[in-house]
Structure formats: structure tokens, C-alpha cells
Amino acid sequence: MSSDLPTAQSLGPTIDALLATRAVTHPDTVFLRFASGDLTFAESARRSDRLAAGFAAMGVRQGDVVPVLLPNSPEFALTWLALCRLGAVSCLVNTAFRGPALAHALGLTDAHTVVVHRSLATQLVEVLDSLPHLERVVLLGDGEVPGRFDVASIDWHEVDGDVDALPPHAGHTATDPAMILFTSGTTGPSKGCILSHRYTLRQASLMSQHLGFRDDDVLYCPFPLFHIDATVLTVAPALVLGATAAIGERFSVSGFWPEVRRFGATVFDFMGATLTMLHKQPEQPDDHDNPVRLGWGVPVPESADDFERRFGLHLVELYGSTDAGLPMYHPVDAPRRQGSCGTVIDAYDVRLLDDDGFEVPVGEVGELVVRPNEPSLMADGYFGMPDATLRSRRNLWFHTGDLLRRDADGYFFFVGRRTDSIRRRGENISAFEVEEVVKLHPAVLDAAAYGVPSELTEDDVMVAVVVRPGATFDAAALTAFCADRMARHMVPRYVDVVDELPRTPTEKVRKDALRERGITATTWDRERP
């Protein structure tokens, strides 16, 4: 790796400065690969500079927060890179957010400019009250926009400015914010992690080092660019190495291997049940005929050895989060310890603590707490949520809310989550946000959301509902109601009608009792014929 990259002893360049360097050192190397075509480093720099000049001409300045609601596309990546060039902060919003979740995310930003795809514009129109300072909307895509913005609307392709008018450097540094990525909101509303330029590039450097990425790799990610896996852990390593980032539109079981072959992917990432779903597909004669050498992610299922044999590749597990970065990797060249997310790398210090804040003995379960041994290696707090930032950083440690155990050799094993979240097919779902929508239904008096085991590993979403007296309740109508107001992966699969929710003496819902009750003969199942 180039010496201008961030190391433990240096802050290193900004994202835009490194792109400018790569445009000189690797001008003709493909940087970004999408189904619609390739962009070289030189072309990515040229186009993002023109876009940056266009944003500057409309008034976007260093430090401005610009929400971006776009599907995976070259335009998404170029928008992010252009805003980096200005020292502005891209707020990369989950495109499935709508209703209260979207209003919360956008309401934090005080944004005067928003970039949105026309197919998502209705969701934005519905929450415009959360953006009182909005002056303009930049629209990508074809078709008419339902509803009205009552502000200036500009086509994305018309945001084109004079590069000569851009200053040589916008004045931002490696420790300034580059973007905001939202967590799942496991204990309340989703939190926007403030990620610096150095966080992004240093995490990419560490990943490249510990997973053995090469400059001739094609790093493939089928997940959204508003997710850390795509931006920080795929596009940024390609930028660091002078390699290629291949971004799919979405994960598809049937389309995964054809896209891997079409993109020439040598590395891919996985999350949640994706490996299990791929493994459950009927074996094909050409399963082994693919260019992949390495897959990384979490969790690695028990079928990993057979998966590796069948597809001719190596799987590696790790541990990380948007908040903390990636403090653990399973050593690539070490025999697999089933269920282990690896060992701690030198850039971090970690502990496992009991409820009183004392370290637990080897072999016992404790909450993972983390702190960095370098500057700007973790998120710089939660945007617009100082109280939540302070709560997560108690006693000089970042508290992950995750429960792990450690063996005598220093290998860590994920056990569960202290926080009230549901892990479904690679997505962390806030029970709070599910409940917030369910309780809006006119027939619902009270509700609790929780996870129950799924046949695809991880959890499915279940809600226990107390029906309003005198109301007529229909579970199918409730899930249809939810589907109009929340992301698809959050919509409950199971609905259980109960007379009352079990509670503690302090009136907190006892979700342990609900999980223990589980699925009963009277539970409604959205996927049941």
C-alpha cells in the first residue's frame, strides 16, 4: 500500500485527496463497477469534481450535511465522492426508511439540499415537515414526482459546474466528517454515526491488511451503499489499493453467482442468512467455476466447510459495527474455530465486562467494550444526539451492547445482544421502531416486537398485540399497514394477540417472557399458506 495512506503514526489523506492521487497513479484502472458499466479512477475523479463544482454553485459548502436517498448506482458513488471533495457531509439514508424513521433521520440534519431518486420522492414528500430549512431537491431517475416539494427541483444530470472554480483543497482534514451512516436504532430511534475521512480510509487499510486484499482484486458487495459494508469496507479498500469495487443493485439468491462471474469478483462479503440461502440452493455442475477466492462477513455458518468445498473459496469471519469499526478478525491463515469472530487487532483495546463494569474471567460472557489505540478509528459520536453519544461511551469505553466470551487463546465468540434489537437476514432491526408503527394502527392498544428463531438462521420479527377494546383486529391488515410505513425487512412475520403484555414491577415489558412463549398454535404467520 502507498505510504500516503493513513497508518498508526499518521492521519493520512482525505477521501477526495486520495481519489485525486489514484487518478494520477492508476488513471485507467477500473475503480467502480456497476451493472451499467465501469468507471476508472481518472473518470471518477473528473466526474465527481464537476459534480462538486455544481453543488458548490448551488450553495453547498464545507460542513453542510446533505441527505442522500439513492439506490445503488454510479450516481450514488459519484455524489458521495463529490460531497467529500467539498468537505460536505453525506448523510447516507436507508432508502427503506419511511414515515417516523425517515422523519427522524432527516430531521437531525437541518439540510437545505437533499439528493433523492424519483422512485423514492413520495417518501420524502410525506415527511417534508421534518426539513424546515430545505431549499432544493436534486432528483435522479425518470418519471414524474408524485406530490409537491414547494422548493426548487434540479435534475441530477444538470448539476455540473466549472472545475476551475473549485479551490485546490476545500480546507477539510482527515479528521473531519465524511459521512453519516445510520445504525439500526436498537434501543430507540436510529442513530447517525459520524464517520471521518480517516475512519473510512484507515478501516479500509486495516481490512486490506488483515484479509490480504490485493491491488488486482475485484471486491464485490451486493448490499446498499448506505451500509458500511459497501462504502467503508468495499469502495474504500478499492480506493486504498488502487483496486476495483463492484457494487450490485441488491442481494439476490438466484442472481448472486451470475453477477459474481459477470463482475469477475475475487472477494465478496456476506451478512446474516445470505450464505445459508446460497448453500441451500441445489448444487450445480458449475458451482466451482467462479473467480472468488475469499468471502468475509458474519456469521460463518456450521456448513462453512462444505460451502468452501462446493464453491472453491475461503470464508473468514470478523466482528465489527459502524460505531466501533472492525476490532476483530479471524486470522486468514489459521484453522477455523467454529463460531469465533477472531482475535483483537493491535489498533484496538477491548474488554468483556459484567453488569457492574468489571472484567469477566476467560470463558465467561460479558459485554464487549472497545476503545481505539489510534485517533479517528471509531465513529465521532451520534449526529445530533449528544446524550446517546455520552451513554455509549461510559468510563472511557465504547459499550457495544453485544455479549461475547473469550477462550484461553484470545479468540472471541459472539453470544447475543444486550440491546433490544432483532437480527433478521443481515439487518439489525429496532424493536422500538417496529413498535412505534404497529401502535399507530387504530385497532392496536399496545404492542411489543421481538425476535424469534428463523429457519434461515438469526431471527424473524414477531409482535405481541393487545387489541383495543371493541375494535376488530385482522393480522393480515396489520402487516399491510406496516408495509406502507416501514422497511420491508422490518415488517412482522408473526402476530400474536395477547390480553396484556407481561411487565416487570417497573412497568417494562418482559420480552424474555414473550420470547420464551414463542410461536403458539394461535400465532398468525404471514408466510403460512
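Could you give me the ³J(HN,Hα) list for region 302-311, computed from phi with Karplus coefficients 6.51, -1.76, 1.60 and θ = phi - 60°, whole Hz, x at Gly and Pro?
Once θ is set to phi - 60°, the couplings for region 302-311 become 5, 7, 4, 4, 5, 4, 4, 5, 5, 9 Hz.
Out of residues 5 or more away from V316 or on other chains, whose amide H comes under 5 Å of its own, with H placed 1.01 Å from N in the peptide plane?
Placed amide hydrogens put G295, W296, G297 under 5 Å from V316.
Report relative contact order for region 44-172 in percent, whole number only (criteria: Cα-Cα under 8 Å, sequence separation at least 6).
30
Could you pull the Cα extents of the chain along its three principal axes, largest to smallest, in whole Å?
Extents along the principal axes: 68, 60, 54 Å.
What is the distance in Å between the Cα centres of region 106-131 and region 86-101?
9
Dipole of the chain, Cα-centred, from +1 at each Lys and Arg C-beta and -1 at each Asp and Glu C-beta, to the nearest 20 debye?
Details: 49 positive and 73 negative charges, 71 e Å.
My answer is approximately 340 debye.
How big is the dipole moment of region 58-160 about its Cα centre under a simple scheme where the beta carbon of each Lys and Arg is +1, that of each Asp and Glu is -1, and everything else is neutral? Debye, nearest 20, please.
For region 58-160, the charge dipole is close to 240 debye.
Check which residues have an amide H placed less than 5 Å from A447's amide H, if you skip close sequence neighbours.
V466
Under 1.5 on a/c is rounded, so check that first for region 441-512, then, if it is not, pick prolate when a/b is larger than b/c and oblate when it is not; a ≥ b ≥ c are the square roots of the alpha carbon gyration tensor eigenvalues. If you can, show how the numbers build up before the last one.
Working: a/c = 2.08, a/b = 1.09, b/c = 1.91.
Because a/c hits 1.5 or more and a/b fails to exceed b/c, region 441-512 counts as oblate.
Over region 390-490, what relative contact order in percent results from Cα pairs under 8 Å that are six or more residues apart? Walk me through the numbers before you get to the answer.
Values: 133 pairs, mean separation 20.1, N = 101.
Relative CO of region 390-490 lands at 20 percent.
Below 14 angstrom from the Cβ of G312, what's the summed charge of the other residues (Lys, Arg +1; Asp, Glu -1)?
-3
Add -39500 (n - 2.57) for each DSSP H run of 4 or more in the chain, then divide by its residues: what number comes out at 222 nm, to the nearest 500 deg cm²/dmol?
-7000 deg cm²/dmol
Taking the alpha-carbon centroid of each part, what is the distance from region 366-426 to region 247-314 in angstrom?
Using only Cα atoms to place each centre, the spacing works out to 29 Å.
How large is ³J(HN,Hα), in whole Hz, for each residue of region 114-124 in order, when computed from phi with the Karplus curve 6.51 cos²θ - 1.76 cosθ + 1.60 and θ = phi - 60°, using x for Gly and Pro?
3J(HN,Hα) across region 114-124, in whole Hz: 10, 10, 9, 7, 4, 5, 10, 5, 4, 4, 5.
List every residue whose amide H lies under 5 Å from the amide H of S196, counting only residues 5 or more places away in sequence or on a different chain, with H placed 1.01 Å from N in the peptide plane.
A178, D380
Any idea what the dipole of region 421-525 comes to, in debye rounded to 20, about its Cα centre with Lys/Arg Cβ at +1 and Asp/Glu Cβ at -1?
140
Relative contact order of the chain, please, whole-number percent, based on alpha carbon pairs below 8 angstrom and at least 6 residues apart.
Numbers: 1117 pairs, mean separation 62.4, N = 529.
This gives 12 percent for the chain.
Within the chain, how many Lys pairs that are eight or more residues apart, or on different chains, come under 30 Å at the alpha-carbon?
5
Report the one residue of V497, L353, A20 whose Cα lies farthest in the direction of the positive end of the charge dipole of the chain (charges on C-beta: Lys and Arg +1, Asp and Glu -1; origin at the Cα centre).
V497
No value in this document is a laboratory result; all are computed from the given coordinates. Since the structure is predicted, the reported quantities are computational estimates derived from the model, not experimental observations. Please note: Cβ atoms are built from the backbone with ideal geometry, for glycine as well, and neighbour counts cover all protein chains shown.
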